[in-house]
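Computed from the coordinates by the stated procedures, all read-outs in this text should not be read as laboratory data. Treat the numbers as computed from the prediction; the structure is a model and nothing was measured. Note that we place each Cβ from the backbone using ideal geometry, even for glycine, and neighbour counts take in every protein chain shown.
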2 protein chains.
Amino acid sequence: MVDRRSRARRTTMNDVARVAGVSSASVSYALTGAPGVSDELRERIRAIANELGYRPSLVAQGLKTGRARSIGLLLTDITNPFYTEIAAGAVAAAGDLGYEVLISHVGLGQDAGGDDADDAGAARLATVARAHIDRYSSGLLLTSLLARDQPLLAELRRTHVPAVQLYRRVPGEPSDWVGIDDHAAAGEIINHLLTTGRRHIAVLGGQRSSYASAAREAGFVDALSAAGLQPANPDQGRWGDISRRSGLERARELFARGTPIDAVACGNDLIALGVLDACREDGFAVPDDVAVTGLDDMSFASVGPLQLTTVTVPRELIGRRGVQMLFRRIEGDSGPPVEEVLPHQLRPRDTT
Amino acid sequence: MVDRRSRARRTTMNDVARVAGVSSASVSYALTGAPGVSDELRERIRAIANELGYRPSLVAQGLKTGRARSIGLLLTDITNPFYTEIAAGAVAAAGDLGYEVLISHVGLGQDAGGDDADDAGAARLATVARAHIDRYSSGLLLTSLLARDQPLLAELRRTHVPAVQLYRRVPGEPSDWVGIDDHAAAGEIINHLLTTGRRHIAVLGGQRSSYASAAREAGFVDALSAAGLQPANPDQGRWGDISRRSGLERARELFARGTPIDAVACGNDLIALGVLDACREDGFAVPDDVAVTGLDDMSFASVGPLQLTTVTVPRELIGRRGVQMLFRRIEGDSGPPVEEVLPHQLRPRDTT
DNA sequence: ATGAAAGCGCTAACAC
DNA sequence: GTGTTAGCGCTTTCAT
């Protein structure tokens, strides 16, 4: 085996036991703090373990206990700063609880491609999730779930794998979730746009099968309706990926179509940045010719000359609360699903 | 045990063997594709495994083989888009090779705080690295190493844990590395600034103990010297964290000091964004009053009105190559350390 | 207070 | 071609 040759053998609990002249059970007791050894022996064993540079094998421990003492955080796109800010919060909170967070970048397929065409995305996500489970992950933090991921969530529930959804959620699944009131947030954006005199507002949302995106779209449309208006662009143009590229491409189309437009309300910040790219490309002045709004307030939404009007959400807190909710489940709480709505706030800046 | 109660028992290889009426060895052979079973039996076993929803325990596999078939990617700050773009490349490349990438956000201490004061940072990094090792990670991808992390690198070498350094590197350690020619890149920035008529150039670099930051600082200074100039700010003002906050704070100080300055050359993009924030705050026009340059070309360095002059580096490729280099080592290659210098390119944009 | 021993679920000799 | 078996390094009864 390549292994045994290339890798120096680890110091094991048995090595420690041998040197200390005790059984491995005593070593286990001593090191884990369990009762069963005298303080004196405990100290002696600790010293020897230390001396030998012993570190317990988390793999053996995991196999024995069935738990890895780690939680998995699945990121659809690690390149999206909004989610990495959530991740930072999650890691900090888990650290406080003595757990590790192992992050996976799911990649391709999820936020890309058509709305339903990509079962590949669902499959990939499920594969990554199962890999964490097969490593005996104590629980899963899921971001960016789409309707098509419902079977995965159901599987997790059936197999009693603790999981909480962050930000996005699959409707109808009895699962814990932390996020914001997307419908309200979107409404506030529209009202702000209305207040500043905009009337020809195009809507560039996320994926139709994303609950959050759908809620935002509805929030945009409803607020517009309340003012006797409707989006300046047709329904099918309103859905797409929540990426900068998609924002750019859809804005180009929108501008090329020549429909009169004085604002673009985007489903998230990334889309809005793409729209800003398109404005620059096509020579539209923001906000004079056209206003642009985002939603999320990721940190790069406001940098120097770039000052996107958006809705800020407590990113770190989402991560922290998610971890705490997950912990309840890991510890055995089997109460009804908790859905926690965190506060958001409109951030008017320079693009409106 | 909370475990066994709350979690349905997994289907094991033994379950499959029992149902198939064969030994677990045959199941193992059948499923791993090893010889030792007839095609017929193999198929039957596969079908049953499938039927039962059997998935091998990666933990048991790991304990047995000593390898987890996963690689660990340590990110100092998952919130820094430059590194997440590298991460995306690494994940893609590892996927091609049938490995998983488990990402850790090291957090606090690393890129924050003083230069040496924070041994806490080194300790935290080492802890995270060891956690991966104790999970039998096949190898480690390390980013953002500082001089103080040399002991960790030495430990990895001693214990034969394959590791490659991405972008930053600890000098003097015989370890694989992929990155760019920092000194040259910094020089090109200065020459560009000089060409556009700037003469009072302040330098806002990264940490003194970061090899890359030091090389860049030297590149800045050397290019300035070649033109008979020197940085407009004193040496001690040139070092700091590679964060937006640090850029903002140091720029404020710089501007407050009142030294005549017509350009700020930053050690990376994040610092430059902070400087841009300060310019906006203090009413400095960019580039008319002052030019600002970055280094890295992370994707958010150019968005709509934000068009930072910087040096672009092949981010995804760094991740990909890193994984490939790591693989050589995992497969047993024990040749001399490889240092791969990837191309970079000046990207003049609107801040100069 | 301490030790012996039985697994956790898998792989890899080694028998047959 | 197929089965038996001995661990991998731990935790945890159960004896002593």
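A Cβ-based charge dipole, computed about the Cα centre of the stretch B:13-56 with Lys and Arg at +1 and Asp and Glu at -1, lands at about 100 debye. Only Lys, Arg, Asp and Glu carry charge here, each on its Cβ (+1 for the first two, -1 for the last two); on that basis the protein assembly as shown has a dipole of about 2820 debye about its Cα centre. Placing unit charges on each Cβ (+1 for Lys and Arg, -1 for Asp and Glu) gives the protein assembly as shown a dipole about its Cα centre, and among A:LEU346, B:TYR99, A:SER24 the Cα reaching farthest toward its positive end belongs to A:SER24. The Cβ shell under 13 Å around A:THR32 holds other residues with a net charge of +4, Lys and Arg each +1, Asp and Glu each -1. Using the alpha-carbon atoms, what tilt in degrees (0 to 90, nearest 10) does helix B:244-257 show relative to the longest principal axis of chain B? Here the helix axis deviates by roughly 10 degrees. In a simple Cβ point-charge model (Lys, Arg +1; Asp, Glu -1; nothing else charged), the stretch A:182-312 has a dipole of about 200 debye relative to its Cα centre. Shielding value for A:58-70 is 6, the average number of Cβ atoms from other chains within 10 Å of each residue's Cβ. Kindly express, to the nearest 10 degrees and within the range 0 to 90, the angle between helix B:81-96's C-alpha long axis and the longest C-alpha principal axis of chain B. Relative to chain B, helix B:81-96 is tipped by roughly 30 degrees. Projecting label points 7 angstrom from Cα along Cα→Cβ for B:ALA256 and B:ARG199 puts them 2.9 nm apart. Counting only other chain Cβ atoms within 10 Å of each residue's Cβ, the peptide A:271-283 averages 2. Is the shape of the protein assembly as shown rounded, prolate or oblate, going by the alpha carbon gyration tensor and its root eigenvalues a ≥ b ≥ c, with a/c under 1.5 for rounded and a/b larger than b/c for prolate? Cα axes put the protein assembly as shown in the oblate bin.
DSSP finds beta bridges in chain A, and of those with both partners inside it, around 15 percent are antiparallel.
Enter the mean number of other protein chain beta carbons within 10 Å of the beta carbon of each residue in B:122-133, as an integer.
Counting other chains' Cβ atoms within 10 Å and averaging over B:122-133 gives 2.
Could you work out how far helix B:211-226 tilts from the main Cα principal axis of chain B, as a 0 to 90 degree angle to the nearest 10? The answer is roughly 30 degrees. Under the classification rounded if a/c is under 1.5, otherwise prolate if a/b is larger than b/c and oblate if not, where does the stretch B:199-312 fall, given a ≥ b ≥ c as square roots of the Cα gyration tensor eigenvalues? Verdict is rounded for the stretch B:199-312. Beta bridges from DSSP with both residues in the protein assembly as shown: antiparallel share about 15 percent, rounded to the nearest 5. Given contacts defined as C-alpha pairs under 8 Å and at least six residues apart, what's the relative contact order of chain A, whole-number percent? So the answer I get is 17 percent.
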